[in-house]
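What follows is one structure encoded as structure tokens, with my remarks underneath.
The values are calculated or read from the model by the stated rules, or taken from the named source; none is laboratory data. Nothing here was measured: the structure is a model prediction, and the numbers come from that model. Positions of Cβ are backbone-derived with ideal geometry, glycine not excepted, and every protein chain shown enters the neighbour counts. Just so you know, the surface numbers come from the protein's heavy atoms only, side chains and all, with ligands and any DNA or RNA stripped out. Shrake-Rupley method; radii C 1.70, N 1.55, O 1.52, S 1.80 Å.
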Amino acid sequence: MARRTRLVLTAPGDHGISKDGEEPFAVIPPTSPAPSVCVNPLDVLCAVLCCSDTFLRQEILLKMSMCQFALPLLLPALDTPTCTLLLWAMRDIVRNWRPLSLQESRGFKEENLVLTSVPTFSFVRLGRCSLSKSKILNKALSPPQQQHDFFVHRDMESGNVPRAIAEGLVEISWYFPGGRESSDPFQEPIAVTNLRGDIELHRLQFSFLAEVSSAVFIFADCIGERKYKLLSSLQGLRTKFYFILNPGSTITSKTRGFLNELAPLLKLNPSHVLVKDNTANDSDFVTRLQDTLAHLMKQPQRAVSIEDMAVTARELGIQVDEDCEECERARKRADEITGEIEDVAEYKSRALTLQGDPCKHLAEVERELCQMKQQGETPTELYKSQLRQKLLELRTQQNGHDLTGGMGTFKASPEELNPVETQYFLKWMKFRLDHIARENLSKLRAEYKEMYRSPGYSPEELAKLDKLIAASSLGVEHFMRELGQFYEAEQAVCKEGKIAQSQRRFTHLPGIAADLMLSGFALEIIDGDASHVPLQWVTDVLTQLHTKLGERSSLLVLSVLGVQSTGKSTLLNTMFGLQLAVSSGRCTRGAFMTLIKVAETFQQELGCDFILVIDTEGLRAPQLAKLEDSYERDNELATLVIGLSDITIVNMAMENTSEMKDILQIVVHAFLRMKVIGHKPNCQFVYQNVSDVSAHEQNMRDRNHFLENLNEMTKAAARMEKLSRDLTFSDIMAYDPEKHNWYIPGLWQGVPPMAPVNLGYSENVYELKKYLLEFMRSQTPNRNLRAIPWFTKWVKNLWNGVKHENFIFSFRNSLVAEAYNQLSLRYSEWEWELRKKMHFWVCDQETAIQNHPCNELPDASNLKQEAQEKVQQGEERIVKCLEKYFESGAKNRHLIEKYREDFIRSTKNLTTELERYSTSKCEKAILIKKSWHKIDNIQAEYMRMTEKKVVSLLEDCKRRKLKLDKKELEVEFETMWKEAVSELKLISLQKCQVSQDLDFQLRKDLENRGSKVRWKLQEAGNLCSYRIKSFIVDNEYLDLTCFRDMRESFTEEYRHKAEKLAHSLMDKCHRYIKEKVSSKADYDETYGRELLQMINERLQQEDVPNLHTKVSFEVELKLHILGEAARAFQEMHENFIKENDPQERLEKLKSQYLSTFINRYLEKDSCQQRARHFCEHCLKPALAEHVNKRLGIRIVDDLSGSEKANCYRSRASFQLSVLQKLLEEMDFDNYMKYINDYESFVKPEIRRDISDHYGNRESVEALEAEILSTIIEKVRGALEKSADGGTSTVSDFIANLRRLLQKDLVIPRDSLEMTLFQFTASADTSQFSADIRDSLPELELNLASEFKAVNIEEKLSKLQVQPQDELFKRVFGCGQQCPFCGVPCEAEGPTHTKHFAPVHRPQGLRQRRDHLTETLDCSLCSSDVVSNASFSNSDTKGELVPFRDYRLHYPDWRIQPDPSAEASDYWKFVFKEFNGKFAGEYKAKPADLPEDWQKITKEQALESIKGIYSQGGQPESEKEPEFTNVHCQRATEIPQQLPLPSLPEPPT
């Protein structure tokens, strides 16, 4: 099929099928067969090879060799002066075989084809020959019952087409025995060459074959004189000549005569002439030919290799493909390196000094830093410090080494050679190293076998030999790994300041490695020897790669997992045309990644620019099975590879069910871990060596059983991973048994080494590839473009998780954090929109309520329902926004799918909060309005009576017709005012004793608590003598009988917790008291009941009984809280009475009455003056109140759009800004407050931040001016509407104006009544309206001037919506703190199910100390949770509990290990700077800090928090970077022809 070269043109028309499925009339089709254009396969081969470069020729010949096709040895002179010997093209072919000598021992030989010396037998044609030379050779080389076409012959498809360019081609094929005497036609390997064309026309090729062959077989029908002359010239050659004649019936006498003459010249005897006449069939003749060849093999024969042939070729003037300057220069460099390698293990220990034990030791220390299994009794942070120091020492030792043993040459080669020479160099290195490794392995295996078979062998010696065999693998990857270690070592010591950046020698190495990746070189991502990811090296190489690609590097990652030697690398090579190592003794160790460029025409369809293919070492490797951690190693490898992949192929051999079960358990664990962290790669199960066409149908039941097994494994894995619920396999990935299982036949069709590739293998792999490409295409709309920077972050975080024993517990991902923060930012915006909407709604309703008459007040239940509807609409909008976000192309949204419910719960919680807030505000407004109703009525009555007196005086003065001046009028008015006030019989408001009322409520609340409580209350005295600040929790409030068996420190801990409870409750009550006082309403007895209810609800929560407090604690707490309330509410009540006393209010109006009286008497009825009065006394206070109601909301909006917005976008960004500021100030007292009273520190900090931001006043004045301008425009519009409404009186005009502005302004009633009193019945309303409009600009200026005179602190205190409170809600969160170090939870929303923080603090900062030495504890809980340390506290009742089991006591907390050694540098620096002060404050001894803490600088501390809190701090960019085109060696397209596989992985 691979040689099919017929191009068929389908003929149109009838194909012999009639209508309606009837039989056609004619048996012979009416049309002639479709014409076809045919090309001889050998012409196609020659043309392709002539158009290929030397590297592509290697790949072509490698595939041909696998198919057991004869290889072109001498290529005709098509575009060259002479024919070319293809030596380089065969360099990559390796063959193994079992000669007769090794049959009994079942040994084998393996060698590079061009180095294999075997007897060569050439077959040529002299003149025309009716016998097919190639067909005879195919039969001669084929084992019995396994006919194979090595050579193209005339009876094959298109084989009879005349050759156009392939004349003179010399092909070569080999026979390699398999050690089966009965079926091998030859017991030793032989080479057979075949010259295409007549030797008379191709004498150079014939001369070459005569020189290199042990025997030449000449096919001829007859021999004439010209042919005789040619043959006689061969006299004197060592080569034996045989004649194969096909005379038809009999040999002519002429031919016999020439043969007789040639006999002495060519040393012929009768056995040298094989005649195929009409009596012999092909089978008999082939047997005779095989016998002849076998007979020759028994005699000593000259053995030559392809390399030997190249020497002869050069002597004859034949061109050799290796003879180019680039190849030669590269070969010399490779030989310079490999020439000194004799013993591989010895060379690796001598030359590759940074690998082996040093590298393994590094990996062990790094892993121990995460797992801390050997910690013992050493304090956690001290132990970690020692490990970090050990790491630095190892890196320093590495950095002290020089490049030795050829490493210098290896490093210099890519630097100095051009790209083509570099490719040659790497190829030469591969060939030479593979050859050396094969020789070493062969010797060692022979020694191992001999030692094993010898009686009384030493197990120790055998183990030593086994270790040498394992260490005898040597490839280019080892040299690249060495360079990577040099780079990492230098990077590490430079980071520690031991060398300057300018002294570095290896900074350019990642760029070189990136160039190699672009040319198709596989980069090692997991060091297979040390089971370690060289993270710095891999990250920097990929970063360089991203840069070289012009930042156009979107990836789709495909990987393969499976048992060792099941053909994983072969599968990838077949599918993508890769060159992954698959030869014997070279099983993949670790994992390698190869970059494949997607053709530009498919990039949009597949949704990526590149496919990154990851090949892995085999799971359950026999050579690793003895290691204690082999299962963990496999688990880590599977977790890392599956975690990195978008598609994972799980490769399994059907014949090994036990290993299949093992690998499936490993894979299920890995997929379960990915599901938990939000990554769901696609998985395809491939079953190798299933050849039956009915496999898919027959295995339906097996697939169902397979799914059941997967479900059981998933449940078991979930239990092992300590997940709470049972899971099935379908829960962790989308699995379709019909689509995700692939049955692939064995690679070889027959028994190797002479078996060709199974066509079914290629076809089935092709179908798998087609499905994968279709799957990629179908996923494109839902897939985010994930470029190399994303991949590098993912590698870092996966590896960090893998290094910890409990992956799910330890996994910490910056990409997840970034995606979570991005959603948090969006959610914060949606939340504020709803809050703002409800704030405005409440403002409108409060204003409307204040404008309504008391008998027309809205029903509270209706307002509650309206609030619920509005909040419900807002909730639906947020939920829709969430859904759209998860459906959108937001980056890495799939990683935070598990947090979706947390945000939905937060939305519901927000809904409840806003409903309660809105309803409470409306109810309070109605209550205030009702409480003022009586006072307003009294005041209105007093004003009416006073107005009568003023009018009466006015009439009296006019009646007396006295011309009074202003002073006389004032005297008259004063006399009248005194009389009027005395006649009014003013009623003063009743004062109540708030303390007595609260005392009564407290006694009622505690009436059933026993005599001790009653006695305590009687002893308490006056409530007003109690204050919140004076409450101190003492041991007398604790039930000490519960602490008899505990240390004193635990008693102190309980006291501290009780104190914390008391303070939090008192703070909450204080906020409630402050809110009520700021409302300026009168005291209501419900306030006391609500306070007591708040206290009781908190004290009845489940954590309070565990504090073991006495009832006296509750009594004292309530006394202090109600005492504070009594004083505050009494003052509020007295202020209310003072503000609303009828006499006081009337006195305030006296000057206005006087003014009106004088103006009327003097008949100064100025409409403009009354308009100004209306603006000054009615509009001005209403407008000022309106601005104050809305300014808080506008400030929050303004801050959200300013530079300050970044500080308040999320909890993380706020924490970063606060910690930065603390670090700048380095004030110990501030740190103390931040650590021990976070809430009390944060609120003033936010307020101070707002004050600083608006300190220049201009920005806040702009906001006030904006609000004021908007409402004045509204007033202006209302004035016009009122004037146009045809109102006849001023009273109607003002009533209409109030109606239009009833939801915007609350005009003071007293001032309004006073204004109406100023007007006569005949006043012109149109003029009044116009005068007011004219006065508005002046009013606006006056208000702006007054606003300007008020400082920002005073402004903030008057705002109805406090911006600091709104920002506090945004950044404070749930308020929970880490039970060990006190760091606040930073999960979004108050209703999340798990608390977490990105970084934790040394526990000594929260007073934790060693109870024996009294020194502060410097350990971090994020380190302790992966250590062997234990803790005991009041929650464990004094029992020691391993930190690893902390969730038994704190199940709601997720304390993750630090993502890096530098993550906690900020708090380490703070502890180091203030160690003595913290000790003094906590009455303890300073902590014994690790040495490396002393080296942390302020700059490093700042960088550490930036690294932690900057994840996702900025909104993701909407615009992708501009892309540029790049060149990569390979491009992936949907294949049009079947792929051919590479060499298989043989069993070890």
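If you average the C-alpha positions of the stretch 1346-1368 and of the stretch 1077-1101 separately, how far apart do those two centres end up, in angstrom?
The two parts, judged by their Cα centres, are 26 Å apart.
For the stretch 835-907, what does the alpha-carbon gyration tensor say about shape, rounded, prolate or oblate, given a ≥ b ≥ c as the root eigenvalues, a/c under 1.5 as rounded, and a/b over b/c as prolate?
Here the stretch 835-907 falls in the prolate category.
Treat every Asp and Glu Cβ in the stretch 175-309 as -1 and every Lys and Arg Cβ as +1, leave all other atoms uncharged, and give the resulting dipole magnitude about the Cα centre to the nearest 20 debye.
Around 440 debye, computed over the stretch 175-309.
Enumerate the amide H contacts of residue 94 below 5 Å, restricted to partners 5 or more residues apart or on another chain; note that Pro and chain-start residues carry no placed amide H.
Close amide H contacts, sequence-distant or interchain: 113.
Could you tell me what percent of the DSSP beta bridges with both partners in the stretch 114-251 are antiparallel, to the nearest 5?
25 percent
Exceeding 19 Å between C-alpha atoms, which entries from my cross-link table qualify? They are 870/930; 837/1303; 332/427; 1472/1495.
In this structure, 870/930 lie more than 19 Å apart at Cα.
Going from most exposed to least, what order do 1346, 1388 have by accessible area with a 1.4 Å probe?
1346, 1388
In terms of modelled amide H atoms, which long-range or inter-chain residues lie less than 5 Å from the amide H of residue 87?
Counting only residues 5 or more places away or on other chains, the set is 321, 322.
Residue 543 to residue 256: extension gain in nm, 0.36 nm per residue of separation minus the Cα-Cα distance?
95.6 nm
Sequence gap at least 6, Cα distance under 8 Å: using those rules, report the relative contact order of the stretch 169-272 to the nearest whole percent.
22 percent
Report the gain in length on full extension from residue 80 to residue 200: 0.36 nm times residue separation, minus Cα-Cα distance, nm rounded to one decimal.
In short, 41.1 nm is gained.
Restricting everything to alpha-carbon atoms, can you work out Rg to Rh for the stretch 215-361 with a Kirkwood hydrodynamic radius?
1.25
Whole-Hz Karplus ³J(HN,Hα) for the stretch 1062-1077, in order, using 6.51 cos²θ - 1.76 cosθ + 1.60 and θ = phi - 60°, x for Gly and Pro?
4, 5, 5, 5, 5, 4, 5, 5, 4, 5, 5, 4, 4, 5, 5, 5
Which trypsin sites (Lys or Arg not before Pro) from the stretch 258-323 combine a DSSP loop assignment with at most 13 other Cβ atoms within 10 Å?
When the trypsin sites (Lys or Arg not before Pro) of the stretch 258-323 are filtered for loop state and at most 13 Cβ neighbours within 10 Å, 267 remain.
Tell me whether the stretch 267-426 comes out rounded, prolate or oblate; compute the Cα gyration tensor, take square roots of the eigenvalues as a ≥ b ≥ c, and use a/c under 1.5 as the rounded threshold.
prolate
Under the 0.36 nm per residue contour assumption, what length would be gained going from the current alpha-carbon distance of residue 495 and residue 357 to full extension?
Taking 0.36 nm per residue and subtracting the Cα distance, the gain is 47.3 nm.
In debye to the nearest 20, how big a dipole does the stretch 470-537 give about its Cα centre with +1 on each Lys and Arg Cβ and -1 on each Asp and Glu Cβ?
My answer is approximately 300 debye.
For the stretch 456-521, with the dipole built from +1 on Lys and Arg beta-carbon atoms and -1 on Asp and Glu ones, taken about the Cα centre, which of 458, 478, 516 lies farthest toward the positive end?
It is 516.
State the Cα centre-to-centre distance between the stretch 736-759 and the stretch 348-367 in whole Å.
Answer, in whole Å: 40.
Residues with amide H under 5 Å of residue 200's amide H, sequence separation 5 or more or different chain, H placed in the peptide plane at 1.01 Å from N; which?
Long-range HN contacts for residue 200: 127.
Pop out the ³J(HN,Hα) list for the stretch 321-330 in order, Karplus 6.51 cos²θ - 1.76 cosθ + 1.60 with θ = phi - 60°, rounded to Hz; leave Gly and Pro as x.
Taking θ as phi minus 60°, the curve returns 5, 7, 7, 10, 4, 4, 5, 5, 4, 5 Hz for the stretch 321-330.
Round to a whole angstrom and tell me the spacing of the C-alpha centers of the stretch 96-153 and the stretch 478-523.
Spelled out, the Cα-based centre of one part sits 48 Å from the other.
List the GluC sites (Glu not before Pro) in the stretch 315-400 that DSSP assigns to loop (not H, G, I, E or B) and whose Cβ has at most 16 other Cβ atoms within 10 Å. Which are they?
Listed in order of number, the matching sites are 340, 342, 377.
Distance cut-off 25 Å, Cα to Cα: go down the list 495/1485; 929/1189; 373/715; 880/1506; 1068/1221 and report the pairs above it.
Flagged as over cut-off: 495/1485; 373/715; 880/1506; 1068/1221.
Please say if the stretch 462-523 is rounded, prolate or oblate, where rounded means a/c under 1.5 for a ≥ b ≥ c the square roots of the C-alpha gyration tensor eigenvalues, and otherwise the choice is prolate for a/b larger than b/c and oblate otherwise?
oblate
Where Lys and Arg each count +1 and Asp and Glu each count -1, what net charge lies around residue 1241 among other residues with Cβ under 13 Å from its Cβ?
Net of charged neighbours comes to -3.
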